[in-house]
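The values are calculated or read from the model by the stated rules, or taken from the named source; none is laboratory data. Computed from a predicted structure; not experimentally measured. Ideal geometry is used to build each Cβ from the backbone, glycine not excepted, and the neighbour counts take in all protein chains shown. The protein model used for the area step is the full one, side chains on, heavy atoms only, and it has no ligands, DNA or RNA in it. Shrake-Rupley method; radii C 1.70, N 1.55, O 1.52, S 1.80 Å.
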Amino acid sequence: MRPLNTPPARERLVAMAEDLAAAFRERAAEYDRNAEFPHLNIDELREAGYLRLTVPRELGGLGADLRDMAATQERLATGCASTALTVNMHLSMAGQMARVWRTTGDERARRMLADIADGRVILMGATAEPGHALVRSTGAKARKVEGGYLVTGEKTFGTGSAVMTHMTSMAVYREHPDGPQVLVFRIPADSPGVRVVEGTWHTSALRATRSENIELRDVMVPEENVLTSFPVGSLDGSLLQTVWGWAMPTFAAVYLGVAVGAFEQCVQDVLRRGWEERAYVRSSISECEVLIETSRAVIERTTREVMSNALWDSMSVQQGMSRVLLAKTVGTNNAVEIVDRVIRVIGTPALRPGSLYERAHRDVRAGTMHPYSNSDACDLIAATALGAEVAPAHPPRLRKLAEPAADDR
């Protein structure tokens, strides 16, 4: 079902994503089979202007906000899951930066957004580490030196490392006068001491992301490159406004898009086979529609709450965090349920290696483990519903973030 009353600007962006997805669909099986990063897809995204999707119009971008991004990313993922997930990291970081720039007028953010619009910058994140999936702490260490910090650590799931020009990461500065602090920083990817460890990405799902491990060895992080900091072990309100607020609903949209692509192919195959009168087929199709539209509704509500400041203005940081995690959990788990129903309808052809169905079956399952994983998300959601504090909360530095400009809508 197509959403009703969609803003014309969003309709145009979704149409662009569909055109790109159609081309990506033709290559997805080969990229997956070879576990090869989809460089051609990224080149076409750049040429189409998609990599500047969330950059403000006045800085040369397309002016999309979080609501637009979720809708377009769902559509893009119907073509190639690995491409959509890779670009999700870049687009969400650009969108976060754009909103902070609108609020503060930060000149460095303006320059980087302009460079993104010109195609000179691709962003990615390297925050994940074994044992630190909640991003309340990190095993990487920061040592204070003149002008900044030297950072050493090991990072996993470097999605976008094949094309990044800048990366965002984290390290603990234990000697801070107020106690150990997590530093969130952005540096050029070619900084001395940064190494992408080729050959570390061996997985059954999202094979073409090439999300290699990243080593940091005495990497110099200038003081001005530290984006924010917060006490170790706390729920940080600024990360809710940025990383979690933008990543959780759009991760949900990407994995949902993978399932939607499989579902749409299923409908075509059902009609081709003449199975549309079968009771089980009809029941399965209706169940998939319910799961898709339920997911879209939760994602849309959450993106609206992020853009309106409601998640930190009208509730606690933990409550806001619970809301964004709920969107991710609903979207990713429903994606698994949709693909499982589709496969039961299609039957043994769905088991053929390299088929759209077989790839979707593998790829959507990554969503339930992608931080916040099912288990971690459910712990926080349940604790919040029961009124239990999971960790001390650190308020956001900026209470209100600016709304998109009128000409971006």
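General remarks:
- Cα-derived Rg to Rh of the range 1-143, Kirkwood definition: 1.01
- Segments 34-46, 375-387, 56-68 sorted - mean Cβ within 10 Å per residue, highest first: 56-68, 34-46, 375-387
- At 1.306 mPa s and 10 °C, Stokes diffusion of the range 331-409 via Kirkwood alpha-carbon radius, µm² per second: 97
- Rounded to the nearest whole angstrom, the semi-axes of the ellipsoid equivalent to the chain, taken from the Cα gyration tensor as √(5λ), stand at 34, 23, 22, largest first.
- Qualifying aspartates and glutamates (Cα of each under 20 Å from Cα of residue 141; at least 8 residues distant if same chain): 129, 154, 175, 178, 190, 215, 218, 223, 224, 236
- Note that the range 83-143, at 25 °C in a medium of 0.890 mPa s, gets a Stokes-Einstein diffusion coefficient of 183 µm²/s from its Kirkwood radius over C-alpha pairs.
- Based on Cα contacts under 8 Å between residues 6+ apart, the chain shows a relative contact order of 19 percent.
- Split the accessible area of the range 88-141 by element, probe 1.4 Å, and carbon with sulfur accounts for 52%.
- Based on DSSP H segments of at least four residues, each scored -39500 (n - 2.57), the chain has a per-residue ellipticity at 222 nm of -17000 deg cm²/dmol.
- Net dipole in debye of the range 225-324 [+1 Lys, Arg Cβ; -1 Asp, Glu Cβ; about Cα centre; nearest 20]: 80
- Taking every protein chain into account, the accessible area of the range 1-151 amounts to 40 square angstrom per residue (probe 1.4 Å).
- Per residue, the range 184-322 exposes 39 Å² of accessible surface when a 1.4 Å probe is rolled over the protein heavy atoms with every protein chain present.
- Per-residue packing, averaged as other Cβ atoms within 10 Å, sorts the ranges 152-158, 80-86, 397-403, 331-337 into the order 80-86, 331-337, 152-158, 397-403, beginning with the highest.
- For the range 339-401, the carbon plus sulfur part of the accessible surface works out to 60%, probe radius 1.4 Å.
- For the range 90-186, the equivalent ellipsoid derived from the alpha-carbon gyration tensor has semi-axes of 25, 17, 12 Å in decreasing order.
- In the range 106-257, the C-alpha radius of gyration followed by the widest Cα-Cα span (Dmax) gives 15.4, 47 angstrom.
- Taking every DSSP beta bridge that has both ends in the chain, the antiparallel portion is near 80%.
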